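Enquirer: Below is the structure I would like to discuss, written out as structure tokens.
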Amino acid sequence: MTVLTGAGVSAESGVPTFRDAQTGIWAQFRPEELATPEAFAANPERVWKWYAWRRQMVAAAKPNPGHLALVELERKVTQFTLITQNVDGLHQRAGSRNVIELHGNISRVKCSAENIVVTEYDEDGGVPPRCRRCGAFLRPDVVWFGENLPEAALSAAERASEKCDVFFSIGTSAVVYPAAALPHAALDSGAILVEINPQRTPLTADADFFLQGPSGVILPALLKATWPDAA
């Protein structure tokens, strides 16, 4: 079984989508001024502060019943892969283990020059902090507009989609590629496709089953119906 999750799953925990987070002082900026390599090159302090503010929101959020149901589902199924477009790490905090992060993780930082994750850095007032190895600015370990997805993560996601017998698309708009291609890869390989979403999407017509509603309601109910002993 392979599961793909999108922003709708996190929204149920109170994590705003990228554009919903553009409130207050951030409402004056376009996405191109906050989440592109060009924006970081032009104003690294602004971009760093924007992500620092979002990290605070993510840190305050808690996994919801949808996250927890996926943890239980992983325990019930022999082969299970969770692919997420979300950068908040809520799946891991809930207890999910086999997680592929397509768009990175907002809680991690990496060197903007060497493209390696950095776990220790000096917070001496410099914004952004600098890499101890090379002195370059640190940046969030997320995929910005105009950047490619991590090759290893995308390859693993494609393999999991092509080899599964059941594919769940949950809380995603199904319009952002290359993630949006994964359900079709599963279909082409003969998998059963299940979509869970409050609204219909471009994927709905191709799904074998469309369960309309929030994942935090539908997933626990589906789990309970399939495994009555589930917590």
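The values are calculated or read from the model by the stated rules, or taken from the named source; none is laboratory data. This structure is a prediction, so every number in the text was calculated from the model and none was measured. Ideal geometry is used to build each Cβ from the backbone, glycine not excepted, and the neighbour counts take in all protein chains shown.
Enquirer: How many residues, within segment 147-174, are free of Cβ contacts under 8 Å to residues at least 40 places away in the same chain, part of a helix (DSSP H, G or I), closer than 27 Å to VAL117 by Cα and not small (Gly, Ala, Ser)?
Expert: 3
Enquirer: Return yes or no: is VAL77 surrounded by fewer than 18 Cβ atoms within 10 Å (Cβ to Cβ), of a type in the set (Val, Ile, Thr) and touching a residue at least 60 places away in the same chain (Cβ under 8 Å)? Can you show your working first?
Expert: On the way: surrounded by fewer than 18 Cβ atoms within 10 Å (Cβ to Cβ): yes; of a type in the set (Val, Ile, Thr): yes; touching a residue at least 60 places away in the same chain (Cβ under 8 Å): yes.
Yes, satisfied.
Enquirer: Out of LYS110, LYS163, I need the residue that is out of contact with any strand residue (DSSP E or B) (no Cβ under 6 Å at 6 or more places or on another chain), charged (D, E, K, R) and at pLDDT 95 or above. Which one?
Expert: LYS163
Each row is one residue, and each column tells you yes or no for (1) farther than 17 Å from GLY66 by Cβ; (2) surrounded by 20 or more Cβ atoms within 10 Å (Cβ to Cβ); (3) modelled with pLDDT of 95 or more.
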residue	(1), (2), (3)
ILE170	no, yes, yes
SER173	no, no, no
ALA181	yes, no, yes
ALA186	yes, yes, yes
ALA191	yes, yes, yes
ILE196	no, yes, yes
ARG200	yes, no, yes
ALA205	yes, no, yes
ASP208	yes, no, yes
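Enquirer: Checking ALA35 against (1) farther than 29 Å from PRO128 by Cβ; (2) touching a Phe, Trp or Tyr at 6+ places or on another chain (Cβ under 7 Å); (3) crowded, with 20+ Cβ neighbours inside 10 Å: exactly one of these is not met. Which one?
Expert: So the condition that ALA35 fails would be (1).
Enquirer: Out of GLY89, GLY125, report the one residue that is of a type outside the set (Ser, Thr, Tyr) and more than 30 Å from PRO228 (Cα to Cα).
Expert: GLY125
Enquirer: Being free of Cβ contacts under 8 Å to residues at least 40 places away in the same chain and closer than 20 Å to GLY6 by Cβ is the filter here, so list the residues in segment 52-74 that pass it.
Expert: The answer is VAL71, GLU74.
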